[in-house]
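Q: One structure is given below, represented as structure tokens, and several questions about it will come after.
Computed from the coordinates by the stated procedures, all read-outs in this text should not be read as laboratory data. None of the values given here were measured: they were computed from a predicted structure. Virtual Cβ from ideal backbone geometry, glycine too; neighbours counted across all protein chains shown.
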Amino acid sequence: MKLASLKQGRDGRLVVVTNDLTRATDAFFIAPSLQAALDDWPRIAPKLADLAAQLELGSVPSFRFHEHDCASPLPRAFQWADGSAYVNHVELVRRARGAEMPASFWTDPLMYQGGSDAFLGPRDAIPLASADHGCDLEGEIAVVTGDVPMGATRAEAAAAIRLIMLVNDVSLRNLIPGELAKGFGFFQSKPSSAFSPVAVTPDELGAAWDGGKITLPLLTFINGKPFGKANAGVDMTFDFPALIMHAAKTRALSAGTIIGSGTVSNKGADGGPGKAIAEGGVGYSCIAEQRVVETILSGAAKTPFLAAGNTVRIEMKDAKGHSIFGAIEQQVVAHG
């Protein structure tokens, strides 16, 4: 089934959405919000699934579904932890700032805890305080979990995956080196993220979901032009059960925890850095990667970071070309 939160109050109004993303029906009489549904998932999920089946049959009242009316599926969450499952991306970005790549990064995932008190909606503007901050998009996949026990096994971690979403994990690249140099992690360099209009249960992905990752291209666009189509199932060093296990090593995770994949990134066909779409490659899910490749090839980065007025779009389509999650589509706007 496909679930969305229309903008209403702090936690949104839960609706069930048709598979083709054209119509929706209220689910408030089952659960007032997505977080409330996740808190009681074993009891609530079958009721939502039944409502979804009735919606597809046209046997319940419905209304036109508009993605621009949506908040992120969880407008705020108890926890947002973002990993770096695509180590190719980590390696390239670290190279850009002159940082060495420890061998352990290939066996032990990176993860940071991001701000989760106020996510951007999928069509909300990205506020930018200064063009000097180096605003970048980061196209990612995320899962929403149920309760996960501390020290969860792989089977427990996999079974805890409730929903899947897309993410734009906005990054302020020029603030990152200074923050990390303090040895205490991201904060100002990671403003509010945005998630896809719709969160889907894993069964909606069919054969594209293997229980740990999605084998479909993640489509990114900048100013309407294709920028990336990296396959989310390729070069994923750590799948979602592995990321959940990592997050739960020393703490239990509460229902509604969001775990991100990190920027989707594919190596080139020759095993080296990927190529831009215009050069026959699959492109990139963030500008930083393209800038690194430009530096490797020509000695200097050419592609600018995002500026006020620029637009980004992140989407994933099924084998028939139908949008699965709806699209994150945002414009950067000057703040203040």
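Q: If you count, for each residue, the other Cβ atoms within 10 Å and average over each peptide, how do 217-224, 275-282 line up from highest to lowest?
A: Output ranking for 217-224, 275-282: 217-224, 275-282.
Q: Given the rule -39500 (n - 2.57) for each run of at least 4 DSSP H residues, summed and divided by the residues of the chain, what is its mean residue ellipticity at 222 nm, to the nearest 500 deg cm²/dmol?
A: Result for the chain, helices only: -5500 deg cm²/dmol.
Q: Springs between alpha-carbon pairs under 10 angstrom, Gaussian network model over the chain: which of ALA53, ALA230, ALA247 fluctuates most?
A: The residue that fluctuates most here is ALA53.
Q: Kindly provide the pair-distance distribution of the chain built from C-alpha pairs, with 10 Å bins from 0 and whole-percent values in order of increasing distance.
A: Pairs per bin, as whole percents: 6, 27, 36, 23, 7, 1, 0.
Q: Find how many whole Å separate the alpha carbon centroid of segment 37-78 from the alpha carbon centroid of segment 93-121.
A: 32 Å
Q: Further question on the same structure: If you put +1 on each Lys and Arg Cβ and -1 on each Asp and Glu Cβ, how big is the dipole of the chain around its Cα centre, in Debye rounded to 20?
A: Here the size comes out at about 340 debye.
Q: Still on this structure: By how many nm would the segment from LYS317 to MET101 lengthen if fully extended, with 0.36 nm per residue of separation less the alpha-carbon distance?
A: 74.4 nm
Q: From the gyration tensor of the Cα coordinates in segment 220-318, what semi-axes in whole Å does the equivalent ellipsoid have, largest first, with each one equal to sqrt(5λ)?
A: The three semi-axes for segment 220-318 are 29, 17, 14 Å.
Q: Also, I was wondering about something else. Return the sequence-ordered ³J(HN,Hα) values of segment 221-226 in whole Hz as given by the Karplus equation 6.51 cos²θ - 1.76 cosθ + 1.60 applied to θ = phi - 60°, using x for Gly and Pro.
A: Karplus-based 3J(HN,Hα) across segment 221-226 equals 9, 10, 6, x, 9, x Hz.
Q: Could you tell me which of ASN310, GLY268, LEU297 has its Cα farthest along the dipole of segment 264-313 towards the positive end, charges placed at Cβ (Lys, Arg +1; Asp, Glu -1), taken about the Cα centre?
A: Checked the options; the winner is ASN310.
Q: Determine ³J(HN,Hα), in whole Hz, for all residues of segment 104-114 in sequence, where each value follows from phi through the Karplus function 6.51 cos²θ - 1.76 cosθ + 1.60 and θ = phi - 60°; x replaces Gly and Pro.
A: Result, rounded to whole Hz: 5, 5, 7, 10, 10, x, 7, 7, 10, 9, x.
Q: Moving on. Gap in Å between the Cα centre of segment 244-284 and the Cα centre of segment 175-193?
A: Centre-to-centre distance over Cα atoms comes out at 19 Å.
Q: On to the next question. Quick one: of LYS225/LYS275; LYS190/LYS267; LYS2/LYS275; LYS2/LYS213; LYS225/LYS317, which pairs are farther than 27 Å apart, Cα to Cα?
A: Where the Cα-Cα span goes over 27 Å, the pairs concerned are LYS2/LYS275.
Q: Tabulate in residue order the Karplus-calculated ³J(HN,Hα) for segment 176-187, using 6.51 cos²θ - 1.76 cosθ + 1.60 with θ = phi - 60°, rounded to whole Hz; enter x for Gly and Pro.
A: Running phi through 6.51 cos²θ - 1.76 cosθ + 1.60 with θ = phi - 60° gives 5, x, x, 5, 5, 5, 6, x, 10, x, 6, 8 Hz.
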